[in-house]
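Here's the structure we're looking at; comments come further down.
The values are calculated or read from the model by the stated rules, or taken from the named source; none is laboratory data. Values in this document were obtained by computation on a predicted structure and should not be read as measured data. Quick reminder, even Gly has a Cβ in these numbers, built from the backbone with ideal geometry, and neighbours come from all protein chains shown.
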Amino acid sequence: MSVVIVVGAQWGDEGKGKVVDLFTERADVVVRYGGGANAGHTLVIDGQKLVTHLVPSGVCHPGKSCVLGDGMVIDPHTLLEELAQCQARGLLAQGELLIGLGAHVILPYHKLVDGLREDHGAKRGQAIGTTRRGIGPAYEMKAARRGVRMRDLLKPDRLRALVGQNLDDLAPVITHLGGTLPSSDEVARWIDAALAAGEQLRPHTGDAGRHVARAIAGGRHVLFEGAQGCLLDLDHGTYPYVTSSSTIAAGACQSAGVGPTQIDAVVGITKAYATRVGEGPFPTELHGDEGERLRKAGGEYGATTGRPRRCGWLDLPALRMGVRLSGMQSLALTKLDVLAGLPEVRVCVAYKLDGRELDEPPTDPEDLVRAEPIYMRFDGWDKLPSAARTIADLPAPARAYVQTISEMAGVPFCLVSVGPDRSETIRLADPFGAR
Ligand code: IMP
């Protein structure tokens with residue numbers, strides 16, 4: 001039995017889809033544990049693209065149990081659309097999906113408030129750059145103990161009462177932000193649609209925590225699939241430019257209701273360069289042609305919003321922080337091939353701030369904006385051999401780059417991805433242990 005958590009090491013979009021897909025080969029249960037439809041994975045199955053926001057990437061392997069943990073915030077309509085797309089491809093056809101009844105629900109008014117706050121903030125230079133999927137407002141209601149949960153979609157009277165209470169709370173906020181209050185007809189339609197979605201999802205709902213606990217007790221391999229990245233964590237990320245959930249490895253235990261003593265391994269995922277979507281400090285960001293080149297080569301456009309991602313050099317202080325926050329024991333390096341063809345590759349090894357050298361980001365975002373990256377430079381390399389199966393198969397500068405990152409982050413690599421295809425992977429260690 002092995003229980004493995006996979007998390008993004010920086011600001012999300014580290015290429016988790018491919019890595020989770022590879023690890024799922026050996027998993028029996030795959031658990032998504034935080035956030036909601038703000039995440040996006042592009043999966044390619046038999047040459048056909050499938051974009052998932054809520055369903056775990058493990059869905060591509062028929063017969064694996066896919067769980068949405070109680071710590072998530074779920075848009076039931078998005079989930080139904082994904083379920084239909086998966087089933088049209090013959091996936092999730094045998095009831096493999098289990099949705100925690102305690103997971104919170106995103107309703108149209110959460111998205112309305114998210115969008116209004118962003119528009120209002122943008123006018124004052126205070127936008128977060130959220131995905132506008134209602135994530136923040138849903139977690140706010142949860143913390144205020146007024147949230148709507150999956151189980152409430154199955155109880156019409158309870159749902160109506162909760163929605164009424166939520167809208168009473170939010171009406172002054174909507175008005176203050178310049179929004180239009182929904183009419184009673186519109187609210188009635190929202191409720192009817194949510195109840196209908198609840199009925200459709202009912203066969204997939206249950207006690208997710210006990211299901212996962214039983215799987216662990218029964219000696220099954222369980223994989224927790226993180227969404228976003230460690231530096232978007234609500235408590236430890238670059239606040240306020242973060243998401244509203246716990247994205248670090250500890251969030252897996254919290255969300256799924258599993259004790260930390262049950263976890264065997266934590267794997268971090270880092271891209272060979274850095275990206276960020278939305279606002280917030282990003283010391284190694286590349287502007288102009290250099291940034292555009294990485295964006296194009298890496299296809300760095302959000303799977304959820306289509307927004308162009310901000311691109312820059314790999315930031316080791318940020319990576320070290322991710323490693324520390326999640327207790328990563330190994331790293332998976334993705335998209336090394338994207339750097340091929342550059343005359344020179346840089347990696348930020350520390351920051352300079354007020355005459356001091358820092359090996360991790362300062363905690364105040366204003367200080368992070370002022371921090372100057374200190375770079376180490378590497379010769380560029382040509383196309384990577386897609387048949388590379390060991391580090392020794394890589395060109396010398398790429399080898400030096402990989403070895404330096406591992407040494408400076410203080411963690412070994414378990415996997416290096418040299419191309420988008422599953423086969424284009426150097427596998428160094430299996431987090432589920434020897435076969
Ligand atoms: P929210 O999660 O929609 O509230 O957005 C808050 C911040 O987290 C914004 O900067 C988003 O761009 C960022 N974010 C949320 N989910 C993801 C993700 O899956 N990948 C990358 N950034 C994300």
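Below is a table of values for the structure above.
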{"quantity": "Set TYR139, TYR109: member being hydroxyl-bearing (Ser, Thr, Tyr), within 16 Å of the ligand (Cβ to nearest atom), touching a residue at least 24 places away in the same chain (Cβ under 8 Å) and within 24 Å of GLN200 (Cβ to Cβ)", "calculated": "TYR109"}
{"quantity": "Selected residue (criterion: farthest from ILE174 (Cα to Cα)) from residues of region 100-113 that are of a type outside the set (A, V, I, L, M, F, W, C) and in a strand (DSSP E or B)", "calculated": "GLY100"}
{"quantity": "Neighbours by Cβ (under 8 Å, 6+ apart or cross-chain): first from region 324-335, under 18 Å from THR247 (Cβ atoms); second acidic (Asp, Glu) and at pLDDT 95 or above", "calculated": "ARG324/GLU360; LEU325/ASP233"}
{"quantity": "The listed residue being of a type outside the set (A, V, I, L, M), modelled with pLDDT under 95 and within 16 Å of the ligand (Cβ to nearest atom), out of GLY147, GLY125, GLY134, GLY115", "calculated": "GLY125"}
{"quantity": "Pair list, Cβ < 7 Å and 6+ apart or interchain, from region 270-284 residues that are closer than 17 Å to ASP233 by Cβ to residues that are away from the ligand (no atom under 12 Å from the Cβ) and among the charged types (D, E, K, R)", "calculated": "ALA274/ASP315"}
{"quantity": "Filtered residue count, region 1-22, keeping only those that are assigned to a strand (DSSP E or B) and closer than 17 Å to ALA429 by Cα", "calculated": "5"}
{"quantity": "In region 114-138, residue farthest from the chain's Cα centre (by Cα) [restricted to those that are surrounded by fewer than 23 Cβ atoms within 10 Å (Cβ to Cβ) and not in a helix (DSSP H, G or I)]", "calculated": "ARG124"}
{"quantity": "Residue list for region 204-231, restricted to those being part of a helix (DSSP H, G or I), surrounded by fewer than 23 Cβ atoms within 10 Å (Cβ to Cβ) and touching a strand residue (DSSP E or B) at 6+ places or on another chain (Cβ under 9 Å)", "calculated": "HIS204, GLY209, HIS211, ALA215, ILE216"}
{"quantity": "Boolean, ILE263 is buried (at least 16 other Cβ atoms within 10 Å of the Cβ), within 16 Å of the ligand (Cβ to nearest atom) and not aromatic (Phe, Trp, Tyr)", "calculated": "no"}
{"quantity": "Restricting region 1-48 to residues that are more than 12 Å from the ligand (Cβ to nearest atom) and of a type in the set (Asp, Glu), the residue that is surrounded by the most Cβ atoms within 10 Å (Cβ to Cβ)", "calculated": "ASP21"}
{"quantity": "Residue match in region 277-298 (condition: farther than 28 Å from ARG427 by Cα, within 16 Å of the ligand (Cβ to nearest atom) and part of a strand (DSSP E or B))", "calculated": "yes"}
{"quantity": "Those strands (runs of 3 or more DSSP E) lying entirely in region 342-435 with at least 2 residues within 25 Å of VAL30 (Cα to Cα)", "calculated": "413-417, 425-427"}
{"quantity": "Enumeration of residues in region 356-366 that are surrounded by fewer than 16 Cβ atoms within 10 Å (Cβ to Cβ) and modelled with pLDDT under 95", "calculated": "THR363, ASP364, GLU366"}
{"quantity": "Candidate set from region 301-313 (those that are in a loop (DSSP other than H, G, I, E, B) and more than 13 Å from GLY278 (Cα to Cα)); member that is farthest from the ligand (Cβ to nearest atom)", "calculated": "TRP313"}
{"quantity": "Which listed residue is within 16 Å of the ligand (Cβ to nearest atom), buried (at least 23 other Cβ atoms within 10 Å of the Cβ) and among the hydrophobic types (A, V, I, L, M, F, W, C), from ALA249, ALA274", "calculated": "ALA274"}
{"quantity": "Residue within region 335-348 that is within 16 Å of the ligand (Cβ to nearest atom) and on the phi < 0 side of the Ramachandran plot present", "calculated": "no"}
{"quantity": "Among the residues listed as GLY58, GLY71, GLY100, the single one being within 17 Å of GLU225 (Cβ to Cβ), within 16 Å of the ligand (Cβ to nearest atom) and touching a residue at least 12 places away in the same chain (Cβ under 8 Å)", "calculated": "GLY71"}
